[in-house]
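Trainee: My questions will all concern the structure given below.
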Amino acid sequence: GAAVSIHNLCKRYNNFEAVVPTSVEIASGDFFAIIGPSGSGKSTLLGMIAGYIDPSAGRIVVDGRDIVPEPIYRRNIGMVFQNYALFPHLSVAQNVAYPLKIRGVAKDEIAKRVRESLAMVRLEAFASRMPSELSGGQQQRIALARASIYQPSILLMDEPLGALDKNLRDEMQEEIKRFQQELGATVIYVTHDQQEAAFLADRIAIMRDGAMTQIGSPRSLYEQP
Ligand code: ADP
Ligand code: ADP
């Protein structure tokens, strides 16, 4: 079934339509990429799904329930940003533990899951370090571990590799793919990189001027005869 159903969702700033009324269904377990030039409305759409941007109209249904505005760490949606958004004053382990801590999960359980999560991104040895001691790629892997530690059914990523250089991007693409398969989550992934979308996604939506102008598999979009 659909993990995410969007019905006539739109966002206006004054008289400017950043996202025109948009409807789309994203199947459970899908890797769904949203691609388009800067200013086409990708981040606004993702922000509405994440719940930190209020829609002007329309509905978002996640796992059969309407989204209402509430802090991201309290809902069953994980989010990864381009700038990692790690807490600079918390250690790696404390960053990863955070979503469980605010949910009141027991200490032993947190310790176990932090170890598992760090193992999944192969950074067990870095638990006690501070984020500033890590490379960009390592910080992004920590952000992935934190976003997924409470096993969200949906993982949102806004240009997660945008701050990394080309070699690291290629490596991290593999990592993200492996990570999604291990987690079995539905991913909605914003990028402006066509190659990245084609490599990662099962389905791609192309956005232009606030509208999804095409939706299809990488094959159907990019390998037309
Ligand atoms: P993208 O992620 O594709 O670069 P955005 O969703 O960030 O696009 O922005 C879509 C459009 O909405 C842009 O023209 C942007 O300037 C405008 N926009 C975004 N946020 C605001 C805001 N808070 N107030 C006014 N306009 C905004
Ligand atoms: P706090 O004082 O907030 O409990 P800690 O730094 O002790 O912060 O740990 C935060 C969480 O991360 C705890 O659940 C802890 O079990 C786990 N943790 C801390 N250090 C490590 C480590 N080196 N390896 C694995 N997990 C750790």
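The values are calculated or read from the model by the stated rules, or taken from the named source; none is laboratory data. Everything numeric in this text was worked out from a predicted model, so none of it was measured. Neighbour counts are summed over all protein chains in view; Cβ atoms, including those assigned to glycine, are modelled from backbone coordinates with ideal geometry.
Here is a yes/no grid of residues against (1) closer than 26 Å to S5 by Cβ; (2) charged (D, E, K, R); (3) within 17 Å of the chain's Cα centre (by Cα); (4) within 16 Å of ligand 1 (Cβ to nearest atom):
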{"position": "S153", "(1), (2), (3), (4)": "yes, no, yes, no"}
{"position": "E171", "(1), (2), (3), (4)": "no, yes, no, no"}
{"position": "T186", "(1), (2), (3), (4)": "yes, no, yes, no"}
{"position": "T191", "(1), (2), (3), (4)": "yes, no, yes, yes"}
{"position": "E196", "(1), (2), (3), (4)": "yes, yes, yes, yes"}
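Trainee: A further question follows. Kindly evaluate E174 against the criterion of being away from ligand 2 (no atom under 16 Å from the Cβ) and at pLDDT below 95. Full working, then the answer.
Mentor: Numbers: away from ligand 2 (no atom under 16 Å from the Cβ): yes; at pLDDT below 95: yes.
Taking the combined requirement at face value, the residue satisfies it.
Trainee: When both residues are 6+ apart or on different chains and their Cβ atoms are under 7 Å apart, which pairs have a first residue that lies in segment 179-190 and is touching a residue at least 40 places away in the same chain (Cβ under 8 Å), and a second that is within 16 Å of ligand 1 (Cβ to nearest atom) and part of a helix (DSSP H, G or I)?
Mentor: Correct list of pairs: I188/L46; I188/I49; V190/K42; V190/S43; V190/L46.
Trainee: Residue under question is I53, and the condition is that it be within 17 Å of the chain's Cα centre (by Cα), not in a strand (DSSP E or B) and not small (G, A, S); does it hold?
Mentor: Yes, satisfied.
Trainee: Considering only residues of segment 180-202 that are in a helix (DSSP H, G or I) and more than 21 Å from D63 (Cα to Cα), which is farthest from ligand 2 (Cβ to nearest atom)? Write out each step before concluding.
Mentor: Residues of segment 180-202 that are in a helix (DSSP H, G or I), as a first pass: 180-183, 194-200.
Checking which are more than 21 Å from D63 (Cα to Cα) leaves us with 194-200.
Numbers: Q194: 39, Q195: 36, E196: 31, A197: 34, A198: 37, F199: 32, L200: 29 Å.
Among residues in segment 180-202 that are in a helix (DSSP H, G or I) and more than 21 Å from D63 (Cα to Cα), the one farthest from ligand 2 (Cβ to nearest atom) is Q194.
Trainee: Any residue in segment 202-219 that is over 16 Å from V20 (Cα atoms) sitting within a Cβ distance under 9 Å of a residue that is among the polar types (S, T, N, Q) and part of a strand (DSSP E or B)? List the pairs, counting only those 6 or more apart or interchain.
Mentor: Cβ pairs passing all conditions: I204/Q214.
Trainee: Any residue that is within 16 Å of ligand 1 (Cβ to nearest atom), under 30 Å from S135 (Cα atoms) and in a strand (DSSP E or B) - is there at least one of those in segment 77-96?
Mentor: Yes, that holds for at least one residue.
Trainee: Take the residues in segment 1-15 that are of a type in the set (S, T, N, Q) and not in a loop (DSSP other than H, G, I, E, B); name whichever of them is surrounded by the most Cβ atoms within 10 Å (Cβ to Cβ).
Mentor: Out of the qualifying residues, it is S5.
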